[in-house]
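A.B. asks: My questions all concern the structure below.
The values are calculated or read from the model by the stated rules, or taken from the named source; none is laboratory data. Keep in mind the model is a prediction, meaning the values are calculated, not measured. Cβ placement follows ideal geometry from the backbone for every residue including glycine, while neighbour counts extend to all protein chains displayed.
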Amino acid sequence: MLRGRPPLRLLDFALGVDGCAPGGQRDHDAADESAEGPGRRPTRAAGAPPVLDVDALRAGYGDVTVLRGVSFEVGPGEIVALVGANGAGKTTTLRTISGLLRPTGGAVRFVGERIDGLPTHEIVGRGLLQVPEGRKIFPSLSVQENLELGSYLPAAKARRAERLAQVLALFPILAERRRQPAGTLSGGEQQMLAIGRSLMGGPRLLMLDEPSLGLAPRVVDRIFEVIDRIRAQEIPVLLVEQNVHRSLALADRAYVLEQGAVTLSGRGAELAARDEVRRAYLGLSRDNDRITSSDATG
């Protein structure tokens, strides 16, 4: 546990820290920017500085180094995807940004200020929120109680009623079931609840870790529609998602992680068209769009 950290055990539990764990596609103009190789970032549109700037980030577990100089940025109103095979370092990246894992090198800047090394509750208080893999809801609490926990910190609590109304409008099924124990919801409904809980905190940037994992295709469609609607509200999104095809179709830009380092970056549509990405993560090639299980690794 990080030193100096107050005992916000409910927050820790929801984020999965210290081992705790409870029971729309957009068109892109690919002509004016090409995908780039290791060590380079795809150019964002000129204008405001990045909301999130990760620079040469290094982190790991004990003596095992997982992140080996990861660099990327997320601009205002963007969806940026991190894609890669299992073990590439995607979730470790999110955990390090969130303060759940202390970096061993590099820097993380959020709206211009360094946050690497800060305790998790301070990072959340600044508006950088994560929806963890596996949802991490509180099954014995009601849907509404789970949502209200997302406004646990004082600044968010002051706008709890307003944001609760917004979240229930975004997810009408949660409004219908607001008094039910969260553990009685379906997997897709629980994922909506986890996203809604983070929105209750008033994020300035939202990080999503595998939001479609284990969900039925029609529910996946709904989740990606919601992510696009979040972007439409000018909340930038950092997306880690095992459905690489859907991620690249939705993302403004994307970065490919391999063995803890960025090896490719560019606009989502451009990366989806690159042969090495299509073979490694989509099971496709330019000449043959059939899924080939021998090539598919993601």
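A.B. asks: With the condition kept exactly as written, say whether any residue in the stretch 86-108 is assigned by TED's automatic domain parsing to the domain that holds A249, buried (at least 23 other Cβ atoms within 10 Å of the Cβ) and part of a strand (DSSP E or B).
C.D. replies: yes
A.B. asks: Among (1) under 22 Å from the mean Cα position of the chain (by Cα); (2) more than 17 Å from R231 (Cβ to Cβ); (3) surrounded by fewer than 24 Cβ atoms within 10 Å (Cβ to Cβ), there is one condition A175 misses while meeting the rest; what is its number?
C.D. replies: (1)
A.B. asks: For the stretch 215-290, please list each of the strands (runs of 3 or more DSSP E) lying entirely inside it that holds at least 2 residues being modelled with pLDDT of 90 or more and under 18 Å from P132 (Cα atoms).
C.D. replies: Correct list: 237-240.
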